[in-house]
1. Determine, from the Cβ-Cβ distance of LEU148 and VAL294 and an R0 of 30 Å, the FRET efficiency 1/(1 + (r/R0)^6), rounded to the nearest 0.05.
2. Taking R0 as 60 Å, what's the FRET efficiency between TYR258 and LEU33 from their Cβ-Cβ distance, rounded to 0.05?
3. Report the net charge of residues surrounding GLY276, where surrounding means a beta-carbon distance below 10 angstrom and charges are Lys +1, Arg +1, Asp -1, Glu -1.
4. So how compact is region 53-210: Cα radius of gyration and Dmax in angstrom?
5. Starting from the Cα of LYS164, step 7 Å along the direction of its Cβ; do the same at THR199; then give the gap between the two resulting points in nm.
6. Tell me, what is the 1.4 Å probe accessible area of LYS101, in Å² to the nearest 10?
7. Ranked by accessible surface with a 1.4 Å probe, highest first, in what order do GLU150, GLU166 come?
8. Which residues in region 114-150 place their backbone N less than 20 Å from a point set 7 Å from the Cα of VAL347 along the Cα-to-Cβ direction?
Amino acid sequence: MGFNFSHEIKNKTVFLLLFLCLTPFLSYANTVLVSGFEESLHELHFTPLKGAANIASATDQEKMSWLQVQLSNQYLNKPLILQFTSIHVDPYFVYIKCQGKWQKVIPNTDQNGGDINSQFQENHFTTDYPTIYIVSKSTYINKGDFLLVERGEFRSVSLKNLVKLEMFYSLYLISIVVNFGLYFIFRERVSLVYCLFITSIIIMCLLEDGFFYFLSNGTYDKTRLLTTFMPISCSLFIFFMYHFLDIKKLSNQLKYGYVALLGLFSFLGCFYYLTGYEWVFILLVNSALGSAVVVIILGTTYFKTDLPIRLIAYTFSVVAFTAMAYYYSVYCNGQVFYFIDMAKIHVILMLAFVLSGYALWLKVKKLKTAHDVLQLEVKSLKVSYENKINHQSIVRTPLIKEEYNEVEELKVVDSNFVKQNYVLRKVYNCTDREIEVINCIWKGLTNQEIAEELFISLSTTKQHVSNTYIKLNVKNRSQAMILRSQILKEE
(Lines give C-alpha, C1' and ligand atoms only; values in the text may rest on other atoms or scores of the structure.)
Protein backbone atom coordinates (compact mmCIF):
# COMPACT_ATOMS: atom_id res chain seq x y z
CA MET A 1 0.00 0.00 0.00
CA GLY A 2 2.90 2.35 0.85
CA PHE A 3 4.50 1.73 -2.55
CA ASN A 4 1.25 2.41 -4.40
CA PHE A 5 0.67 5.67 -2.49
CA SER A 6 4.17 6.98 -3.20
CA HIS A 7 3.81 6.00 -6.88
CA GLU A 8 0.51 7.87 -7.16
CA ILE A 9 2.05 11.01 -5.60
CA LYS A 10 4.95 10.78 -8.02
CA ASN A 11 2.59 10.64 -11.04
CA LYS A 12 0.59 13.63 -9.83
CA THR A 13 3.78 15.60 -9.26
CA VAL A 14 5.00 14.87 -12.82
CA PHE A 15 1.68 15.92 -14.35
CA LEU A 16 1.68 19.12 -12.27
CA LEU A 17 5.18 20.03 -13.39
CA LEU A 18 4.30 19.36 -17.05
CA PHE A 19 1.20 21.54 -16.76
CA LEU A 20 3.19 24.40 -15.21
CA CYS A 21 5.82 24.14 -17.95
CA LEU A 22 3.28 24.10 -20.77
CA THR A 23 1.01 26.83 -19.44
CA PRO A 24 2.92 29.72 -21.12
CA PHE A 25 2.82 27.94 -24.47
CA LEU A 26 -0.86 27.11 -24.15
CA SER A 27 -1.60 30.81 -23.77
CA TYR A 28 0.02 31.56 -27.13
CA ALA A 29 -0.68 28.36 -29.04
CA ASN A 30 -1.02 30.20 -32.34
CA THR A 31 2.52 31.66 -32.32
CA VAL A 32 6.04 30.41 -33.02
CA LEU A 33 9.29 31.80 -31.63
CA VAL A 34 11.54 33.77 -34.00
CA SER A 35 15.25 34.43 -33.67
CA GLY A 36 17.21 37.46 -34.84
CA PHE A 37 14.08 39.59 -35.03
CA GLU A 38 15.38 42.40 -32.83
CA GLU A 39 18.56 42.63 -34.91
CA SER A 40 16.47 43.17 -38.07
CA LEU A 41 14.50 45.96 -36.35
CA HIS A 42 17.68 47.97 -35.69
CA GLU A 43 18.31 48.20 -39.45
CA LEU A 44 14.90 49.77 -40.18
CA HIS A 45 13.94 53.44 -40.18
CA PHE A 46 10.23 53.90 -39.45
CA THR A 47 8.29 56.91 -40.69
CA PRO A 48 4.95 57.84 -39.07
CA LEU A 49 1.90 57.43 -41.30
CA LYS A 50 -0.16 60.53 -42.05
CA GLY A 51 -3.22 60.71 -39.86
CA ALA A 52 -2.13 57.80 -37.61
CA ALA A 53 0.08 58.80 -34.70
CA ASN A 54 0.41 55.23 -33.42
CA ILE A 55 1.46 53.65 -36.76
CA ALA A 56 4.79 53.94 -38.60
CA SER A 57 6.05 52.27 -41.80
CA ALA A 58 9.39 51.13 -43.17
CA THR A 59 10.90 49.08 -46.01
CA ASP A 60 13.80 46.65 -45.54
CA GLN A 61 16.55 45.64 -47.97
CA GLU A 62 14.43 42.81 -49.36
CA LYS A 63 11.66 45.30 -50.31
CA MET A 64 9.38 44.00 -47.56
CA SER A 65 6.92 46.50 -46.11
CA TRP A 66 6.76 46.89 -42.33
CA LEU A 67 4.20 48.49 -40.05
CA GLN A 68 5.00 49.39 -36.44
CA VAL A 69 1.82 49.60 -34.37
CA GLN A 70 1.71 51.03 -30.83
CA LEU A 71 -1.00 49.44 -28.68
CA SER A 72 -2.83 51.18 -25.88
CA ASN A 73 -2.84 49.61 -22.43
CA GLN A 74 -6.44 48.41 -22.86
CA TYR A 75 -5.26 45.86 -25.45
CA LEU A 76 -2.47 44.33 -23.36
CA ASN A 77 -2.92 40.78 -22.03
CA LYS A 78 -6.26 40.44 -23.81
CA PRO A 79 -7.19 38.15 -26.72
CA LEU A 80 -7.03 40.30 -29.88
CA ILE A 81 -7.85 39.81 -33.55
CA LEU A 82 -6.07 41.74 -36.33
CA GLN A 83 -7.35 41.69 -39.90
CA PHE A 84 -6.82 43.60 -43.15
CA THR A 85 -10.16 43.73 -44.96
CA SER A 86 -8.43 43.49 -48.34
CA ILE A 87 -7.05 40.65 -50.44
CA HIS A 88 -4.09 42.77 -51.54
CA VAL A 89 -2.08 42.45 -48.32
CA ASP A 90 -2.26 38.68 -48.19
CA PRO A 91 -0.13 36.92 -47.10
CA TYR A 92 1.29 38.99 -44.26
CA PHE A 93 2.70 38.17 -40.83
CA VAL A 94 2.19 39.68 -37.39
CA TYR A 95 5.02 39.70 -34.84
CA ILE A 96 4.30 40.10 -31.11
CA LYS A 97 6.39 40.03 -27.97
CA CYS A 98 5.33 37.76 -25.12
CA GLN A 99 7.29 37.20 -21.92
CA GLY A 100 10.33 38.92 -23.38
CA LYS A 101 10.47 36.84 -26.60
CA TRP A 102 9.42 37.78 -30.13
CA GLN A 103 6.92 35.42 -31.72
CA LYS A 104 5.26 35.20 -35.13
CA VAL A 105 1.48 34.76 -35.16
CA ILE A 106 0.28 31.83 -37.25
CA PRO A 107 -2.45 33.25 -39.53
CA ASN A 108 -5.97 31.78 -39.64
CA THR A 109 -5.44 29.94 -36.38
CA ASP A 110 -7.25 30.62 -33.13
CA GLN A 111 -5.56 30.68 -29.73
CA ASN A 112 -6.46 27.06 -29.15
CA GLY A 113 -4.64 25.98 -32.31
CA GLY A 114 -7.78 25.40 -34.39
CA ASP A 115 -7.96 26.34 -38.09
CA ILE A 116 -10.09 29.30 -39.22
CA ASN A 117 -11.69 29.74 -42.63
CA SER A 118 -12.69 33.41 -42.84
CA GLN A 119 -13.51 36.09 -45.40
CA PHE A 120 -9.99 37.55 -44.99
CA GLN A 121 -6.88 36.44 -43.14
CA GLU A 122 -7.35 36.56 -39.36
CA ASN A 123 -4.59 36.83 -36.75
CA HIS A 124 -5.46 35.82 -33.17
CA PHE A 125 -2.97 36.64 -30.42
CA THR A 126 -2.42 37.95 -26.90
CA THR A 127 0.55 40.14 -26.02
CA ASP A 128 1.98 41.87 -22.98
CA TYR A 129 4.19 44.25 -25.01
CA PRO A 130 2.76 47.54 -26.39
CA THR A 131 4.35 47.26 -29.85
CA ILE A 132 3.54 44.82 -32.66
CA TYR A 133 4.90 44.59 -36.21
CA ILE A 134 3.19 43.64 -39.47
CA VAL A 135 5.28 42.48 -42.44
CA SER A 136 4.18 41.90 -46.04
CA LYS A 137 5.51 41.93 -49.60
CA SER A 138 2.67 44.28 -50.56
CA THR A 139 3.20 48.02 -50.15
CA TYR A 140 -0.56 48.30 -49.76
CA ILE A 141 -0.19 47.70 -46.01
CA ASN A 142 1.34 51.19 -45.81
CA LYS A 143 -2.23 52.45 -45.98
CA GLY A 144 -2.53 51.16 -42.40
CA ASP A 145 -6.17 50.28 -42.90
CA PHE A 146 -6.47 47.25 -40.64
CA LEU A 147 -8.95 46.12 -38.03
CA LEU A 148 -7.65 45.49 -34.49
CA VAL A 149 -10.25 44.71 -31.82
CA GLU A 150 -10.78 42.45 -28.87
CA ARG A 151 -12.04 38.99 -29.72
CA GLY A 152 -15.47 39.66 -28.19
CA GLU A 153 -16.04 42.72 -30.40
CA PHE A 154 -14.77 41.21 -33.64
CA ARG A 155 -17.95 39.35 -34.56
CA SER A 156 -20.14 42.42 -34.14
CA VAL A 157 -17.82 44.50 -36.35
CA SER A 158 -17.76 41.75 -38.96
CA LEU A 159 -21.55 41.53 -38.86
CA LYS A 160 -21.85 45.27 -39.64
CA ASN A 161 -19.58 44.85 -42.66
CA LEU A 162 -21.62 41.87 -43.84
CA VAL A 163 -24.83 43.90 -43.61
CA LYS A 164 -23.29 46.55 -45.89
CA LEU A 165 -22.24 43.85 -48.34
CA GLU A 166 -25.73 42.35 -48.29
CA MET A 167 -27.21 45.74 -49.24
CA PHE A 168 -24.80 46.03 -52.18
CA TYR A 169 -25.39 42.54 -53.54
CA SER A 170 -29.15 42.80 -52.95
CA LEU A 171 -29.22 45.88 -55.17
CA TYR A 172 -27.32 43.93 -57.81
CA LEU A 173 -29.92 41.14 -57.71
CA ILE A 174 -32.71 43.72 -58.01
CA SER A 175 -30.95 45.20 -61.06
CA ILE A 176 -30.73 41.77 -62.65
CA VAL A 177 -34.43 41.07 -62.06
CA VAL A 178 -35.49 44.49 -63.39
CA ASN A 179 -33.42 44.18 -66.56
CA PHE A 180 -34.64 40.66 -67.23
CA GLY A 181 -38.13 42.08 -66.84
CA LEU A 182 -37.33 44.80 -69.39
CA TYR A 183 -36.13 42.15 -71.80
CA PHE A 184 -39.30 40.08 -71.50
CA ILE A 185 -41.46 43.20 -71.89
CA PHE A 186 -39.69 44.92 -74.79
CA ARG A 187 -37.59 42.03 -76.19
CA GLU A 188 -34.50 44.23 -76.56
CA ARG A 189 -31.18 42.37 -76.46
CA VAL A 190 -29.38 45.31 -74.87
CA SER A 191 -30.95 44.38 -71.50
CA LEU A 192 -29.40 40.90 -71.59
CA VAL A 193 -25.98 42.28 -72.53
CA TYR A 194 -26.21 44.70 -69.61
CA CYS A 195 -27.03 41.82 -67.24
CA LEU A 196 -23.91 39.96 -68.38
CA PHE A 197 -21.81 43.09 -67.95
CA ILE A 198 -22.86 43.86 -64.37
CA THR A 199 -22.52 40.15 -63.51
CA SER A 200 -18.85 40.30 -64.55
CA ILE A 201 -18.44 43.35 -62.29
CA ILE A 202 -20.02 41.48 -59.38
CA ILE A 203 -17.62 38.56 -59.86
CA MET A 204 -14.67 40.95 -59.45
CA CYS A 205 -16.35 42.48 -56.41
CA LEU A 206 -16.71 39.00 -54.90
CA LEU A 207 -12.99 38.53 -55.51
CA GLU A 208 -12.12 41.84 -53.84
CA ASP A 209 -14.53 41.16 -50.95
CA GLY A 210 -12.76 37.92 -50.05
CA PHE A 211 -15.34 35.43 -51.36
CA PHE A 212 -12.79 33.42 -53.32
CA TYR A 213 -10.35 33.64 -50.41
CA PHE A 214 -13.00 32.08 -48.20
CA LEU A 215 -13.82 29.29 -50.67
CA SER A 216 -10.19 28.39 -51.36
CA ASN A 217 -8.97 28.99 -47.80
CA GLY A 218 -6.41 31.44 -49.16
CA THR A 219 -4.91 29.08 -51.75
CA TYR A 220 -5.65 31.07 -54.90
CA ASP A 221 -3.91 33.57 -57.20
CA LYS A 222 -5.89 36.81 -57.12
CA THR A 223 -3.96 38.45 -59.97
CA ARG A 224 -4.67 35.53 -62.30
CA LEU A 225 -8.38 35.81 -61.57
CA LEU A 226 -8.27 39.56 -62.19
CA THR A 227 -6.35 38.90 -65.41
CA THR A 228 -9.29 36.79 -66.56
CA PHE A 229 -12.29 38.79 -65.37
CA MET A 230 -11.09 42.37 -65.93
CA PRO A 231 -10.79 42.05 -69.76
CA ILE A 232 -14.05 40.07 -69.90
CA SER A 233 -15.89 42.80 -67.99
CA CYS A 234 -14.49 45.63 -70.14
CA SER A 235 -15.20 43.68 -73.34
CA LEU A 236 -18.80 43.17 -72.26
CA PHE A 237 -19.07 46.88 -71.48
CA ILE A 238 -17.86 47.79 -74.98
CA PHE A 239 -20.31 45.27 -76.47
CA PHE A 240 -23.09 46.75 -74.34
CA MET A 241 -22.26 50.32 -75.43
CA TYR A 242 -22.28 49.20 -79.08
CA HIS A 243 -25.87 47.99 -78.71
CA PHE A 244 -26.85 50.89 -76.47
CA LEU A 245 -25.57 53.55 -78.89
CA ASP A 246 -27.13 51.70 -81.83
CA ILE A 247 -24.40 52.74 -84.31
CA LYS A 248 -24.95 50.13 -86.98
CA LYS A 249 -23.46 52.34 -89.73
CA LEU A 250 -19.99 51.69 -88.33
CA SER A 251 -20.53 48.00 -87.68
CA ASN A 252 -17.73 46.71 -89.94
CA GLN A 253 -15.06 49.06 -88.60
CA LEU A 254 -16.13 48.45 -85.03
CA LYS A 255 -16.16 44.71 -85.58
CA TYR A 256 -12.51 44.67 -86.66
CA GLY A 257 -11.50 46.98 -83.82
CA TYR A 258 -13.35 44.88 -81.27
CA VAL A 259 -11.74 41.66 -82.49
CA ALA A 260 -8.30 43.31 -82.38
CA LEU A 261 -8.96 44.47 -78.80
CA LEU A 262 -10.00 40.96 -77.74
CA GLY A 263 -6.81 39.65 -79.37
CA LEU A 264 -4.73 42.13 -77.35
CA PHE A 265 -6.42 41.11 -74.11
CA SER A 266 -5.90 37.41 -74.88
CA PHE A 267 -2.22 37.96 -75.74
CA LEU A 268 -1.49 39.93 -72.57
CA GLY A 269 -3.41 37.42 -70.46
CA CYS A 270 -1.53 34.42 -71.86
CA PHE A 271 1.77 36.28 -71.55
CA TYR A 272 1.10 36.98 -67.88
CA TYR A 273 0.08 33.38 -67.22
CA LEU A 274 3.35 32.18 -68.74
CA THR A 275 5.72 34.73 -67.21
CA GLY A 276 4.00 36.10 -64.12
CA TYR A 277 5.48 39.56 -64.76
CA GLU A 278 3.64 42.17 -62.71
CA TRP A 279 4.10 44.90 -65.32
CA VAL A 280 2.16 42.74 -67.83
CA PHE A 281 -0.72 42.48 -65.38
CA ILE A 282 -0.71 46.26 -64.81
CA LEU A 283 -0.63 46.84 -68.59
CA LEU A 284 -3.55 44.47 -69.10
CA VAL A 285 -5.70 46.10 -66.40
CA ASN A 286 -4.97 49.62 -67.61
CA SER A 287 -5.56 48.75 -71.27
CA ALA A 288 -8.89 47.09 -70.42
CA LEU A 289 -10.11 50.01 -68.31
CA GLY A 290 -8.64 52.51 -70.77
CA SER A 291 -10.54 50.98 -73.69
CA ALA A 292 -13.77 51.33 -71.71
CA VAL A 293 -12.98 55.00 -71.05
CA VAL A 294 -12.31 55.59 -74.78
CA VAL A 295 -15.71 54.11 -75.66
CA ILE A 296 -17.35 56.37 -73.07
CA ILE A 297 -15.64 59.46 -74.53
CA LEU A 298 -16.70 58.52 -78.06
CA GLY A 299 -20.27 57.96 -76.91
CA THR A 300 -20.52 61.37 -75.24
CA THR A 301 -18.85 63.06 -78.24
CA TYR A 302 -21.25 61.77 -80.90
CA PHE A 303 -24.42 61.64 -78.79
CA LYS A 304 -24.31 64.83 -76.73
CA THR A 305 -28.06 65.40 -76.48
CA ASP A 306 -29.18 61.88 -75.61
CA LEU A 307 -30.06 61.67 -71.90
CA PRO A 308 -29.76 57.86 -71.49
CA ILE A 309 -26.33 57.85 -73.15
CA ARG A 310 -25.14 60.72 -70.96
CA LEU A 311 -26.29 58.90 -67.82
CA ILE A 312 -24.52 55.69 -68.81
CA ALA A 313 -21.36 57.52 -69.91
CA TYR A 314 -21.00 59.72 -66.83
CA THR A 315 -21.84 56.91 -64.43
CA PHE A 316 -19.45 54.29 -65.74
CA SER A 317 -16.69 56.81 -66.45
CA VAL A 318 -16.65 57.44 -62.69
CA VAL A 319 -16.59 53.66 -62.10
CA ALA A 320 -13.72 53.17 -64.58
CA PHE A 321 -11.58 56.01 -63.22
CA THR A 322 -12.19 54.88 -59.64
CA ALA A 323 -11.15 51.32 -60.50
CA MET A 324 -8.00 52.60 -62.24
CA ALA A 325 -7.08 54.70 -59.19
CA TYR A 326 -7.78 51.76 -56.87
CA TYR A 327 -5.54 49.32 -58.73
CA TYR A 328 -2.89 52.01 -59.17
CA SER A 329 -2.76 52.43 -55.39
CA VAL A 330 -2.62 48.66 -54.91
CA TYR A 331 0.01 47.63 -57.45
CA CYS A 332 1.96 50.85 -58.12
CA ASN A 333 2.19 52.16 -54.54
CA GLY A 334 0.10 55.18 -55.46
CA GLN A 335 -0.05 57.04 -52.14
CA VAL A 336 -2.35 59.67 -53.65
CA PHE A 337 -5.24 57.23 -54.08
CA TYR A 338 -4.96 55.31 -50.79
CA PHE A 339 -8.29 56.83 -49.70
CA ILE A 340 -10.10 54.73 -52.34
CA ASP A 341 -11.17 51.36 -50.94
CA MET A 342 -13.81 48.76 -51.72
CA ALA A 343 -16.37 50.42 -49.44
CA LYS A 344 -16.29 53.57 -51.60
CA ILE A 345 -16.35 51.49 -54.78
CA HIS A 346 -19.46 49.70 -53.48
CA VAL A 347 -21.24 53.03 -53.01
CA ILE A 348 -20.25 54.19 -56.51
CA LEU A 349 -21.43 50.93 -58.04
CA MET A 350 -24.75 51.12 -56.20
CA LEU A 351 -25.35 54.56 -57.70
CA ALA A 352 -24.23 53.22 -61.08
CA PHE A 353 -26.75 50.36 -60.92
CA VAL A 354 -29.60 52.77 -60.14
CA LEU A 355 -28.72 55.42 -62.76
CA SER A 356 -27.82 52.94 -65.50
CA GLY A 357 -31.02 51.00 -64.84
CA TYR A 358 -33.03 54.20 -65.31
CA ALA A 359 -31.05 55.06 -68.46
CA LEU A 360 -31.58 51.57 -69.83
CA TRP A 361 -35.33 51.84 -69.19
CA LEU A 362 -35.41 55.13 -71.13
CA LYS A 363 -33.42 53.59 -73.97
CA VAL A 364 -35.55 50.46 -74.20
CA LYS A 365 -38.71 52.57 -74.13
CA LYS A 366 -37.29 54.72 -76.94
CA LEU A 367 -36.43 51.64 -78.98
CA LYS A 368 -39.93 50.31 -78.41
CA THR A 369 -41.43 53.58 -79.64
CA ALA A 370 -39.23 53.56 -82.72
CA HIS A 371 -40.23 49.96 -83.36
CA ASP A 372 -43.92 50.87 -83.11
CA VAL A 373 -43.44 53.77 -85.53
CA LEU A 374 -41.69 51.46 -87.95
CA GLN A 375 -44.53 48.96 -87.74
CA LEU A 376 -46.99 51.78 -88.41
CA GLU A 377 -45.00 52.84 -91.46
CA VAL A 378 -44.93 49.29 -92.78
CA LYS A 379 -48.66 48.94 -92.19
CA SER A 380 -49.31 52.23 -93.99
CA LEU A 381 -47.23 51.21 -96.99
CA LYS A 382 -48.98 47.87 -97.10
CA VAL A 383 -52.41 49.53 -97.05
CA SER A 384 -51.30 51.99 -99.72
CA TYR A 385 -50.01 49.20 -101.94
CA GLU A 386 -53.14 47.09 -101.55
CA ASN A 387 -55.41 50.04 -102.29
CA LYS A 388 -53.41 50.90 -105.39
CA ILE A 389 -53.70 47.35 -106.69
CA ASN A 390 -57.40 47.11 -106.00
CA HIS A 391 -58.25 50.67 -106.99
CA GLN A 392 -59.76 49.79 -110.35
CA SER A 393 -61.83 46.92 -109.02
CA ILE A 394 -63.65 48.77 -106.26
CA VAL A 395 -67.40 49.07 -106.88
CA ARG A 396 -68.51 52.40 -105.46
CA THR A 397 -72.07 51.85 -104.33
CA PRO A 398 -73.26 54.44 -101.74
CA LEU A 399 -72.54 52.12 -98.82
CA ILE A 400 -69.29 50.77 -100.21
CA LYS A 401 -68.20 54.26 -101.19
CA GLU A 402 -68.53 55.38 -97.56
CA GLU A 403 -66.33 52.48 -96.42
CA TYR A 404 -63.89 53.24 -99.21
CA ASN A 405 -63.65 56.87 -98.14
CA GLU A 406 -62.74 55.75 -94.60
CA VAL A 407 -59.93 53.60 -96.02
CA GLU A 408 -58.75 56.46 -98.21
CA GLU A 409 -58.80 58.82 -95.24
CA LEU A 410 -56.78 56.36 -93.13
CA LYS A 411 -54.35 55.94 -96.00
CA VAL A 412 -53.86 59.71 -96.30
CA VAL A 413 -53.36 60.12 -92.53
CA ASP A 414 -50.79 57.29 -92.37
CA SER A 415 -49.06 58.53 -95.48
CA ASN A 416 -48.79 62.06 -94.08
CA PHE A 417 -47.46 60.70 -90.77
CA VAL A 418 -44.78 58.65 -92.52
CA LYS A 419 -43.83 61.51 -94.81
CA GLN A 420 -43.50 64.16 -92.12
CA ASN A 421 -41.50 61.85 -89.84
CA TYR A 422 -39.19 60.96 -92.70
CA VAL A 423 -38.55 64.64 -93.51
CA LEU A 424 -37.97 65.50 -89.86
CA ARG A 425 -35.42 62.71 -89.45
CA LYS A 426 -33.57 63.00 -92.77
CA VAL A 427 -33.81 66.72 -93.58
CA TYR A 428 -33.88 68.37 -90.17
CA ASN A 429 -31.81 65.69 -88.28
CA CYS A 430 -34.34 65.44 -85.47
CA THR A 431 -34.02 62.73 -82.84
CA ASP A 432 -36.84 60.32 -82.06
CA ARG A 433 -37.78 62.27 -78.93
CA GLU A 434 -37.81 65.56 -80.85
CA ILE A 435 -40.04 64.01 -83.52
CA GLU A 436 -42.46 62.96 -80.78
CA VAL A 437 -42.47 66.52 -79.40
CA ILE A 438 -43.04 68.03 -82.87
CA ASN A 439 -45.97 65.69 -83.54
CA CYS A 440 -47.50 66.73 -80.24
CA ILE A 441 -47.09 70.40 -81.21
CA TRP A 442 -48.78 69.69 -84.53
CA LYS A 443 -51.64 68.10 -82.60
CA GLY A 444 -52.11 71.42 -80.81
CA LEU A 445 -50.94 70.22 -77.37
CA THR A 446 -49.53 72.63 -74.79
CA ASN A 447 -46.18 72.05 -73.08
CA GLN A 448 -47.88 70.61 -70.00
CA GLU A 449 -49.96 68.27 -72.15
CA ILE A 450 -46.85 67.19 -74.05
CA ALA A 451 -45.08 66.42 -70.77
CA GLU A 452 -47.99 64.24 -69.65
CA GLU A 453 -48.24 62.56 -73.05
CA LEU A 454 -44.54 61.61 -73.17
CA PHE A 455 -44.07 61.02 -69.40
CA ILE A 456 -41.33 63.64 -69.06
CA SER A 457 -40.95 66.71 -66.86
CA LEU A 458 -42.15 70.14 -67.90
CA SER A 459 -38.61 71.57 -67.91
CA THR A 460 -37.41 68.74 -70.16
CA THR A 461 -40.38 69.37 -72.48
CA LYS A 462 -39.51 73.06 -72.76
CA GLN A 463 -35.92 72.14 -73.58
CA HIS A 464 -37.05 69.75 -76.33
CA VAL A 465 -39.44 72.37 -77.75
CA SER A 466 -36.63 74.92 -77.82
CA ASN A 467 -34.33 72.46 -79.60
CA THR A 468 -36.98 71.62 -82.19
CA TYR A 469 -37.62 75.30 -82.93
CA ILE A 470 -33.89 75.75 -83.58
CA LYS A 471 -33.69 72.73 -85.88
CA LEU A 472 -36.88 73.66 -87.78
CA ASN A 473 -35.84 77.34 -87.94
CA VAL A 474 -39.17 78.50 -86.52
CA LYS A 475 -39.98 80.82 -83.62
CA ASN A 476 -43.39 79.67 -82.44
CA ARG A 477 -46.15 77.10 -82.85
CA SER A 478 -47.85 79.01 -85.67
CA GLN A 479 -44.72 78.87 -87.80
CA ALA A 480 -44.33 75.17 -86.92
CA MET A 481 -47.86 74.51 -88.22
CA ILE A 482 -47.06 76.43 -91.44
CA LEU A 483 -43.94 74.32 -91.87
CA ARG A 484 -46.01 71.14 -91.53
CA SER A 485 -48.33 72.32 -94.33
CA GLN A 486 -45.31 73.01 -96.50
CA ILE A 487 -43.88 69.54 -95.84
CA LEU A 488 -47.16 67.83 -96.77
CA LYS A 489 -47.52 69.89 -99.95
CA GLU A 490 -44.07 68.98 -101.24
CA GLU A 491 -43.95 66.02 -103.61
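The values are calculated or read from the model by the stated rules, or taken from the named source; none is laboratory data. This structure is a prediction, so every number in the text was calculated from the model and none was measured. All Cβ positions, glycine included, derive from the backbone under ideal geometry; neighbour counts span all protein chains shown. Note: areas computed on protein heavy atoms with side chains; ligands, DNA, RNA excluded. Shrake-Rupley method; radii C 1.70, N 1.55, O 1.52, S 1.80 Å.
1. 0.10
2. Given R0 = 60 Å and the Cβ-Cβ separation, E is 0.55.
3. -1
4. 20.7, 72
5. So the two model labels end up 2.8 nm from each other.
6. 120 Å²
7. From most exposed to least exposed: GLU166, GLU150.
8. Hits in region 114-150 for VAL347 at 20 Å: 143-147.
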